[in-house]
Structures are given as C-alpha cells and as structure tokens.
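Worksheet: the structure to be examined is printed underneath.
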Amino acid sequence: GDSVTQMEGPVTLSEEAFLTINCTYTATGYPSLFWYVQYPGEGLQLLLKATKADDKGSNKGFEATYRKETTSFHLEKGSVQVSDSAVYFCALIGTNAGNNRKLIWGLGTSLAVNP
Amino acid sequence: AAGVIQSPRHLIKEKRETATLKCYPIPRHDTVYWYQQGPGQDPQFLISFYEKMQSDKGSIPDRFSAQQFSDYHSELNMSSLELGDSALYFCASSNGRRGGNEQFFGPGTRLTVL
C-alpha cells in the first residue's frame, strides 16, 4: 500500500539556519503530496502541496519539489525562525483514491528553533 | 473565509461513558474525514463520508460509529470509552465533486478519558 517515510526528529536548529526535512513516498502512479504543520497545542494546517511531478509547492518561505524519479518531497527553508518551531507532517493522497481520498501520513518531524 | 468547525473543543469523560463529536464542514464541501491523533503520534484515519455515504473506513474501533447528515455535518459517536481513546480528534472536509483533493482541517476536539 501507499506509505510515507520522513526523517525522524527532533530537529534542533539555531535561528536563520537552513532547514531540510526529508520525505520519501511509496505509491503507484502520481499521488498528490502535502506538507502539514502543527504548532504546539493547535490543529493541522496545510503548509504546501504539489500535485504532479516537478511541481514546487511554496508558502511562508518553505519549499518542496515533487521528485518522481526519487519519490521524494523534501521540505526546505533557507532561514528558519523561532516561530517555525512545530511538528511537520508529510502526507499523500494516492492516485487511485477515487472518492476515498484519505491522507496517508508520515510520522511527523518535530522542529525546535532556538534564538 | 469559513473554516471547518468542530465541537466541543475539549471533552472529559469517564471510562465506559459515551461521547459525541461534531464536525461542520466548509460550506459546499461534501466530503468529511475523521482522524485520531494520539500524543506524539501521526494522525490515524478513522472514517470518511462522501455525499452522506460512508466512502472509506480505516482503523475505527467497533465501539465507534459515525454518520454524515443531510446538511453535510458529521458526528462521531464513541461508546464504552477506554483510557486509550484519549486523543485529538480531527475532522477535515473537501469538495469531492470538484475533484479537489485538498483537505481542510478543523481545530480538533481534545478528548480526555479518565
């Protein structure tokens, strides 16, 4: 079945450091790929998405490129801020989902940014 | 813009009690998903509804049931609560007819079973 694997956390960075959170997937066809963010004590917010190969999703300085050849969707940000401290989830919706478009989630990566 | 509404936001129950969680999707969204997120865990898909019919079922215990009503809101009914049911329960909605696959999440209901 479809699955998502993302790097384990926690990740601890200093402010203005470069961030990469790796995410790879297993799925048939061309799934849609997502990054969700969960700030402490809050719900899940869509950070960015990509629906076809070579698409780049971007939002709030974060970027991720849909790489079909490496089945990856790594999240990057050039300069993190303390306010980026959160848990980041990589997720997909399979191509053959039809109306059953449940999200398949990675385990989440906790990011802590120190001033 | 209107978002997904969940109620209640917090709920405390005793073991073996019942609980009902409600979800009001974004207007004109016809698909609702329920997820359970335990402490420090990734969300686990429970069940989904499309046009008031169950469309998919995940790891939902038999003690739980859910339905989607004519106004597209959904309710998750939980009976014989156990300590392990303590979690954040998220509802998400999407517009299935338009083919959109983006799911919009509500703020969640935090259920604590004592």
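The values are calculated or read from the model by the stated rules, or taken from the named source; none is laboratory data. What you see is a predicted model; the values in this text were computed from it and never measured. Note: ideal-geometry Cβ built from the backbone for every residue, glycine included; neighbour counts use all protein chains shown.
Which one is farthest from A:Leu103 (Cα to Cα) among residues in the stretch B:57-86 that are away from chain A (no Cβ under 13 Å) and among the small types (Gly, Ala, Ser)? That would be B:Ser80. When only residues in the stretch A:79-95 that are surrounded by fewer than 20 Cβ atoms within 10 Å (Cβ to Cβ) and more than 16 Å from A:Trp35 (Cβ to Cβ) count, which is modelled with the lowest pLDDT? Filtering first and then ranking leaves A:Thr95.
Counting only strands (runs of 3 or more DSSP E) that sit wholly inside the stretch A:31-106, those with at least 2 residues that are free of Cβ contacts under 8 Å to residues at least 24 places away in the same chain are A:44-50, A:56-59, A:62-65.
Among the residues of the stretch A:46-64, those identified as polar (S, T, N, Q) and either farther than 16 Å from A:Ile93 by Cα or touching a His at 6+ places or on another chain (Cβ under 6 Å) (or both) are A:Ser58, A:Asn59. Kindly indicate whether any position in the stretch A:3-12 is closer than 24 Å to B:Ser93 by Cβ, of a type outside the set (A, V, I, L, M, F, W, C) and touching a residue at least 12 places away in the same chain (Cβ under 8 Å). So far as the stretch A:3-12 goes, no, none of its residues is closer than 24 Å to B:Ser93 by Cβ, of a type outside the set (A, V, I, L, M, F, W, C) and touching a residue at least 12 places away in the same chain (Cβ under 8 Å). Go through the stretch A:22-41 and count every residue that is within 21 Å of A:Ser79 (Cβ to Cβ) and in contact with an Asp or Glu (Cβ under 8 Å, 6 or more places away or on another chain). Residues meeting the conditions: 0. When residues in the stretch A:16-52 are screened for being crowded, with 19+ Cβ neighbours inside 10 Å and either within 9 Å of chain B (Cβ to nearest Cβ) or of a type in the set (Asp, Glu) (or both), 7 of them pass. When the stretch B:95-114 is filtered for residues that are modelled with pLDDT of 85 or more and either assigned to a strand (DSSP E or B) or at the interface with another protein chain (Cβ under 10 Å from one of its Cβ atoms) (or both), the ones remaining, listed by number, are B:Gln103, B:Phe104, B:Phe105, B:Gly106, B:Pro107, B:Gly108, B:Thr109, B:Arg110, B:Leu111, B:Thr112, B:Val113.
Residue count for the stretch B:42-56 under the criterion of being more than 7 Å from chain A (Cβ to nearest Cβ), touching a strand residue (DSSP E or B) at 6+ places or on another chain (Cβ under 7 Å) and not in a strand (DSSP E or B): the result is 1.
Regarding the stretch B:58-81, can at least one residue be identified that is modelled with pLDDT under 95, under 19 Å from A:Gly43 (Cα atoms), of a type in the set (S, T, N, Q) and under 13 Å from the mean Cα position of the chain (by Cα)? For the stretch B:58-81, residues modelled with pLDDT under 95, under 19 Å from A:Gly43 (Cα atoms), of a type in the set (S, T, N, Q) and under 13 Å from the mean Cα position of the chain (by Cα): absent.
Does B:Tyr89 satisfy the condition of being within 17 Å of A:Glu42 (Cα to Cα), in a strand (DSSP E or B) and not polar (S, T, N, Q)? It is true that B:Tyr89 is within 17 Å of A:Glu42 (Cα to Cα), in a strand (DSSP E or B) and not polar (S, T, N, Q).
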